[in-house]
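Okay, structure first, notes after.
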Ligand code: UD1
Ligand code: UDP
């Protein structure tokens, strides 16, 4: 069982790290292939160091580009890497272009593909991620669904592969790293006693000048300090519209570079609440050692479980609604429930399934 763990962006490195640890622990023959979709140290290298991961076995330097260009380059380079490495099982995680390329390269070579975080759907067809996750699910033999709801979605879509409910490895990562964060996080700026943590980077938000304007107006209306570690995409897009300076000049806004994982864990834990369009942060907020309310700056979410459990509220991207929801939140008494994303043992469950699979390889499909 020669496993290739494919990753390429910040959230994939974080969410694959518990799985890499578990594969190491059980002496599985595996390697790590980094597509190079994210390449700056602040969104890639730092996570390898902080999570104490070995250098990837292959680094493919795919880099940035249009959707097709980036996905196509990754597909070609991943195919070559799997050939060289003698890959039998490809593991991809999430919904990035790297994931789609990894799943396609795998099925086209007749390899077994496992999709970690399968079955999420936003039904927002503006999002490149929605196509990536759907196509990856329908190209996978092993589908690791984080929740019962995701598993139902996959059954309703009659995916060919075998569905397993495992929880989400992001909870494993939070549990494994929070103590380390509390000891070692090295924040290079002053953190106010009370603050709101902000992130926004989704293409359908930051690539749209109207949404940028709505965000700026909303942040201007905030009467509590905000810390916004700005993603490279968002920084570039705000700058293109001459909005970066306007964002920086907002009175309560502290705009800081993307943070390492340890620093970001601590910021989530210490914040009053979180305003974000991130996917992973919606899940992390439900971790037993974080438990924070999240206002989701989007029109939809592929994480309805976090909404149902009371952690997340989808507030859209119109300034009146965003401002009203922030005001309402200050009045709201809230007692968090347990995480819908599992108990921190997702990686163990996934490797159990892989080891069982080794004895009894996949047969197409029980769900057709
Ligand atoms: C990608 C994923 C998104 C995920 C995010 C995680 C897709 C379609 N999108 O979005 O789902 O939430 O990663 O953070 O796969 N850039 C840099 N340095 C880097 C990488 C990117 O400056 O190391 C800048 C470049 O200007 C680039 C832009 O960010 O054009 C976008 O990068 P890209 O990888 O295409 O998508 P993300 O927006 O990062
Ligand atoms: N994160 C981080 N530093 C930051 C912002 C986010 O380490 O400055 C982590 C965060 O804890 C989460 C992941 O990055 O695990 C989320 O990544 P992102 O929001 O870029 O992508 P998404 O989850 O939306 O795909």
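The values are calculated or read from the model by the stated rules, or taken from the named source; none is laboratory data. Keep in mind that this is a model prediction, so the values were computed, not measured. Ideal geometry is used to build each Cβ from the backbone, glycine not excepted, and the neighbour counts take in all protein chains shown.
Considering only segment 320-357, state which residues are part of a helix (DSSP H, G or I) and under 21 Å from residue 222 (Cβ atoms).
Within segment 320-357, 320, 321, 322, 323, 324, 325, 326, 327, 328, 329, 330, 331 qualify.
Considering only segment 4-51, how many residues are more than 9 Å from ligand 1 (Cβ to nearest atom) and within 15 Å of the chain's Cα centre (by Cα)? Write out each step before concluding.
Initial filter on segment 4-51 (more than 9 Å from ligand 1 (Cβ to nearest atom)): 4-7, 13-35, 45-51.
Adding the requirement that they be within 15 Å of the chain's Cα centre (by Cα) leaves 6-7, 13-19, 47.
Residues meeting the conditions: 10.
If the Cβ limit is 6 Å and pairs must be 6+ apart or interchain, which residue in segment 25-43 that is assigned to a loop (DSSP other than H, G, I, E, B) pairs with which residue that is within 15 Å of ligand 2 (Cβ to nearest atom)?
Here the result reads 35/8; 35/98; 37/8; 37/9; 37/98; 38/9; 38/10; 38/44, each pair linking segment 25-43 to a residue that is within 15 Å of ligand 2 (Cβ to nearest atom).
Right, residue 126: touching a helix residue (DSSP H, G or I) at 6+ places or on another chain (Cβ under 6 Å) and modelled with pLDDT under 95 or not? Write out each step before concluding.
Numbers: touching a helix residue (DSSP H, G or I) at 6+ places or on another chain (Cβ under 6 Å): yes; modelled with pLDDT under 95: yes.
Yes.
Each row is one residue, and each column tells you yes or no for (1) buried (at least 24 other Cβ atoms within 10 Å of the Cβ); (2) closer than 22 Å to residue 151 by Cβ; (3) in contact (Cβ under 8 Å) with a residue 60 or more places away in the chain.
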| position | (1), (2), (3) |
| --- | --- |
| 266 | no, no, yes |
| 275 | yes, no, yes |
| 280 | no, yes, yes |
| 283 | yes, yes, yes |
| 286 | yes, yes, yes |
| 302 | no, yes, yes |
| 309 | no, yes, no |
| 315 | no, no, no |
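List the helices (runs of 4 or more DSSP H) inside segment 149-247, counting only whole elements, that have at least 2 residues being more than 16 Å from ligand 1 (Cβ to nearest atom) and in contact with a strand residue (DSSP E or B) (Cβ under 9 Å, 6 or more places away or on another chain).
On the way: elements: 169-184, 203-206, 209-220, 232-240.
Of the helices (runs of 4 or more DSSP H) lying wholly inside segment 149-247, those with at least 2 residues that are more than 16 Å from ligand 1 (Cβ to nearest atom) and in contact with a strand residue (DSSP E or B) (Cβ under 9 Å, 6 or more places away or on another chain) span 209-220.
Exactly one of (1) more than 21 Å from residue 39 (Cα to Cα); (2) within 25 Å of the chain's Cα centre (by Cα) is unmet by residue 213. Its number?
(2)
Can you confirm whether residue 119 is at positive phi, crowded, with 22+ Cβ neighbours inside 10 Å and in a loop (DSSP other than H, G, I, E, B)?
Numbers: at positive phi: yes; crowded, with 22+ Cβ neighbours inside 10 Å: yes; in a loop (DSSP other than H, G, I, E, B): yes.
Against the criterion (at positive phi, crowded, with 22+ Cβ neighbours inside 10 Å and in a loop (DSSP other than H, G, I, E, B)), residue 119 qualifies.
Of the conditions (1) over 22 Å from residue 173 (Cβ atoms); (2) within 16 Å of ligand 2 (Cβ to nearest atom); (3) touching a residue at least 60 places away in the same chain (Cβ under 8 Å), residue 87 satisfies every one except a single condition; which number is it?
Unmet for residue 87, out of (1) over 22 Å from residue 173 (Cβ atoms); (2) within 16 Å of ligand 2 (Cβ to nearest atom); (3) touching a residue at least 60 places away in the same chain (Cβ under 8 Å): (2).
Mind listing whichever residues of segment 301-319 are part of a helix (DSSP H, G or I) and farther than 18 Å from residue 281 by Cα?
To start, the set of residues in segment 301-319 that are part of a helix (DSSP H, G or I) comprises 304-308, 319.
Residue satisfying the conditions is 319 alone.
Within segment 62-69, identify whether any single residue is within 16 Å of ligand 1 (Cβ to nearest atom), in a helix (DSSP H, G or I) and touching a helix residue (DSSP H, G or I) at 6+ places or on another chain (Cβ under 6 Å), and answer yes or no. Can you show your working first?
Filtering segment 62-69 down to residues within 16 Å of ligand 1 (Cβ to nearest atom) leaves 62-69.
Among the residues that remain, those that are also in a helix (DSSP H, G or I) are: 67-69.
So of that shortlist, the ones also touching a helix residue (DSSP H, G or I) at 6+ places or on another chain (Cβ under 6 Å) come out as 67.
Among the residues of segment 62-69, at least one is within 16 Å of ligand 1 (Cβ to nearest atom), in a helix (DSSP H, G or I) and touching a helix residue (DSSP H, G or I) at 6+ places or on another chain (Cβ under 6 Å), which makes the answer yes.
Any idea how many residues of segment 37-59 are within 16 Å of ligand 2 (Cβ to nearest atom) and within 22 Å of residue 83 (Cβ to Cβ)? Steps first, please.
Keep residues of segment 37-59 that are within 16 Å of ligand 2 (Cβ to nearest atom), which gives 37-53.
Subsequent filtering for residues that are within 22 Å of residue 83 (Cβ to Cβ) retains 37.
Of the residues in that region, 1 qualify.
Return the residues of segment 70-104 that are within 16 Å of ligand 1 (Cβ to nearest atom) and not in a helix (DSSP H, G or I); say none if nothing qualifies. Reasoning before the result, please.
So in segment 70-104, the residues within 16 Å of ligand 1 (Cβ to nearest atom) come out as 70-75, 77-78, 92-104.
Result: 92, 93, 94, 95, 96.
Which of the numbered conditions does residue 55 fail, given that it passes all the others? Conditions: (1) in contact (Cβ under 8 Å) with a residue 24 or more places away in the chain; (2) away from ligand 1 (no atom under 14 Å from the Cβ); (3) under 18 Å from residue 261 (Cβ atoms).
Only one criterion is unmet by residue 55, namely (1).
If residue 231 satisfies every condition in (1) over 22 Å from residue 326 (Cα atoms); (2) over 20 Å from the mean Cα position of the chain (by Cα) but one, which is the exception?
Of (1) over 22 Å from residue 326 (Cα atoms); (2) over 20 Å from the mean Cα position of the chain (by Cα), only one is false for residue 231: (2).
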